[in-house]
Amino acid sequence: MYNLAIFLYWLGIRLASLFGHKKAGQMVKGHKQVWSILKSNIQPGDKVAWFHAASLGEFEQGRPLMERLHREHPEYKILLTFFSPSGYEVRKNYEIADVICYLPIDTPLNAHRFIKHARPEIAFFIKYEFWRNYIGKLHKHEVPLYSVSSIFRKNQFFFKWYGCGTARSLRKITHFFVQNEESVELLDKLNIEQVSVVGDTRFDRVIDIKDAAKPLPLVESFAGYAHEGEEQIYAPHFCLIAGSSWQPDEDIIIPYFNKHPEMKLILAPHVVSADHLDAIQNKLKRPFARYSQLLSGEIKPENADCLIIDCYGLLSSIYRYATVAYVGGGFGVGIHNVPEAAVYGLPVIIGPNNHRFREAQDLLKAGGCFEIKKAKHFNKLMDDFIAHPDLIEDASTISREYIADHAGAADQIFNAVFGE
């Protein structure tokens, strides 16, 4: 049943690629290159540590482990595989990994061939990645396999009658480093006891990103920072930063911004396309600038009230200039990266589709995060923040302490595996 489902899935991908589906086409093309990539880059005698991530989010969770392994055990050659084009295409040139490719579809033949060519000495599957044939082949070849930042919920198919085969294969995993106690209890029902609660390595990653963030002088100037000599002085503009925003988020945020000259707004949309940027600009009734216009000198930062980030890769550094953060996606498929904003000690506003995100749920209960369902909820919340700065200060403290309290998962995993 499992292998038939995998075959039908791959057949669907192949058919979609023939009809011009971009991601399907990227997958088909990338899968054809896997064997030549492995053959060219992995030689007999190489010590290979294999990390597998479904996509970009899982890659970020595995990144603290990869970077520490690279730093402390350079004798390992790091093999990084992705399932999704959205991960591979963005990180195919990641400098820490020695070999990067797609993971072939989980058939018995592919699993056998992949393990034969890659020859891993140790493997790490990130979060939700549980491929039955690969798990079986690694176990057969006595390759230790660790599940990192995994999290289990009672509605997952492992705990249904039709998932019993894959559930049995989980027992072959060397150790699970899970995010919470609920996962321990659920795995115990499958007679799996090799489990440790360490939390989510994503907290370590956002701290690393924060510590490595580069100053952005133009954004700094826009947000109201000033300098006297070498001393940085903050001019108290109220600055809302909306990260990874979508159209429903912007339809709530922009009308409020238009009516409140006491605040500044930075929008970093999830999709940076000409049509989306034009749609944003058409809604704005106060002076605005695109980040590219600041770079070119076309517009000076002090002449804009709204800054539109029309490029990728800056959001994690930009959050430092916020008074309050809004993390988008909550009116669609789900919110984006709450810890990325909370690590700066910010109150974080999110939309209603947040129930699958543990850190958002935790911060909502603690008071560092705030859910809105309609524009009137957002308006009331913003009114309160602007009128009562102490509310911001209290929520900021909660966010900052939450991130600090949940850091350290990467160190626990690394020390447990490598005995440091």
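Restricting the first member to the range 316-334 and to residues that are in the same structural domain as Ala395 (by TED's automatic domain parsing) and over 29 Å from Tyr225 (Cα atoms), and the second to residues that are at pLDDT 95 or above and assigned to a helix (DSSP H, G or I), the beta-carbon pairs closer than 6 Å and six or more apart or on different chains are Phe331/Pro248.
Each row is one residue, and each column tells you yes or no for (1) in contact with a strand residue (DSSP E or B) (Cβ under 9 Å, 6 or more places away or on another chain); (2) free of Cβ contacts under 8 Å to residues at least 12 places away in the same chain.
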position: Arg358; (1), (2): no, no
position: Ala366; (1), (2): no, no
position: Glu371; (1), (2): yes, no
position: Ala375; (1), (2): no, no
position: Met382; (1), (2): yes, no
position: Ser399; (1), (2): yes, no
position: Asp405; (1), (2): no, yes
position: Asp411; (1), (2): no, no
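Taking the criterion of being farther than 23 Å from Ala5 by Cα, small (Gly, Ala, Ser), modelled with pLDDT of 90 or more and not assigned by TED's automatic domain parsing to the domain that holds Glu359, would at least one residue in the range 132-140 satisfy it? Checked against the condition, which is being farther than 23 Å from Ala5 by Cα, small (Gly, Ala, Ser), modelled with pLDDT of 90 or more and not assigned by TED's automatic domain parsing to the domain that holds Glu359, the range 132-140 yields no hits at all.
Among the criteria (1) part of a helix (DSSP H, G or I); (2) touching a residue at least 24 places away in the same chain (Cβ under 8 Å), the one Arg71 does not fulfil is (2).
Taken over the range 354-396, the criterion of being of a type in the set (Val, Ile, Thr) and either closer than 20 Å to Asp249 by Cα or surrounded by fewer than 14 Cβ atoms within 10 Å (Cβ to Cβ) (or both) is satisfied by Ile372, Ile386. At pLDDT below 95, buried (at least 18 other Cβ atoms within 10 Å of the Cβ), of a type in the set (Phe, Trp, Tyr) and touching a strand residue (DSSP E or B) at 6+ places or on another chain (Cβ under 7 Å): is that true of Phe59 in this structure? Judged against the criteria, Phe59 is a match.
Out of everything in the range 105-141 that is aliphatic (A, V, I, L, M) and part of a helix (DSSP H, G or I), what residue ends up being nearest to Gln43 (Cα to Cα)?
Per the stated criteria, the residue is Ala118.
Scanning the range 84-117 for residues being hydroxyl-bearing (Ser, Thr, Tyr) and without any contact (Cβ under 8 Å) to a residue 60 or more places away in the chain gives a total of 1. Of the numbered criteria (1) out of contact with any Leu (no Cβ under 7 Å at 6 or more places or on another chain); (2) closer than 30 Å to Ala341 by Cβ, the one Lys154 fails is (1).
Among what's in the range 10-28 and is in a helix (DSSP H, G or I) and under 25 Å from the mean Cα position of the chain (by Cα), pick the residue that is farthest from His112 (Cα to Cα). Walk me through it before giving the result.
Filtering the range 10-28 down to residues in a helix (DSSP H, G or I) leaves 10-18, 22-28.
If we keep only those that are under 25 Å from the mean Cα position of the chain (by Cα) too, we end up with 13, 22-28.
Working: Ile13: 22, Lys22: 29, Lys23: 26, Ala24: 24, Gly25: 25, Gln26: 23, Met27: 20, Val28: 19 Å.
This residue is Lys22.
So that you can scan it fast, the table gives a plain yes or no per residue for (1) assigned to a helix (DSSP H, G or I); (2) among the aromatic types (Phe, Trp, Tyr):
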| site | (1), (2) |
| --- | --- |
| Arg153 | no, no |
| Thr166 | yes, no |
| Ser169 | yes, no |
| Ile173 | no, no |
| Phe177 | no, yes |
| Glu182 | yes, no |
| Leu186 | yes, no |
| Asn191 | no, no |
| Gly199 | no, no |
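Of the residues making up the range 141-169, those that are at pLDDT 95 or above, out of contact with any Pro (no Cβ under 6 Å at 6 or more places or on another chain) and not polar (S, T, N, Q) are His141, Glu142, Pro144, Leu145, Tyr146, Val148.
Considering only the range 299-310, state which residues are out of contact with any strand residue (DSSP E or B) (no Cβ under 8 Å at 6 or more places or on another chain) and exposed (fewer than 13 other Cβ atoms within 10 Å of the Cβ). I'd like the intermediate steps shown before the answer.
So the first thing to find is which residues in the range 299-310 are out of contact with any strand residue (DSSP E or B) (no Cβ under 8 Å at 6 or more places or on another chain), and the list is 300, 302.
Selection gives Glu302 alone.
Quick grid of which residues meet (1) closer than 25 Å to Trp50 by Cβ; (2) β-branched (Val, Ile, Thr):
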site	(1), (2)
Arg153	no, no
Phe158	yes, no
Ile173	yes, yes
Asn180	no, no
Leu186	no, no
Asp200	yes, no
Val206	yes, yes
Phe222	no, no
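Condition check ((1) in the same structural domain as His112 (by TED's automatic domain parsing); (2) of a type outside the set (A, V, I, L, M, F, W, C); (3) in contact with a His (Cβ under 6 Å, 6 or more places away or on another chain); (4) closer than 20 Å to Tyr2 by Cβ) across all residues:
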site: Val143; (1), (2), (3), (4): yes, no, no, no
site: Phe158; (1), (2), (3), (4): yes, no, no, yes
site: Trp161; (1), (2), (3), (4): yes, no, no, yes
site: Ser169; (1), (2), (3), (4): yes, yes, no, yes
site: Glu181; (1), (2), (3), (4): yes, yes, no, no
site: Lys189; (1), (2), (3), (4): yes, yes, no, no
site: Pro217; (1), (2), (3), (4): no, yes, no, no
site: Ser221; (1), (2), (3), (4): no, yes, no, no
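The values are calculated or read from the model by the stated rules, or taken from the named source; none is laboratory data. Computed from a predicted model, the values in this text were never measured in an experiment. All Cβ positions, even for glycine, are placed from backbone atoms using ideal geometry, and neighbour counts span all protein chains on display.
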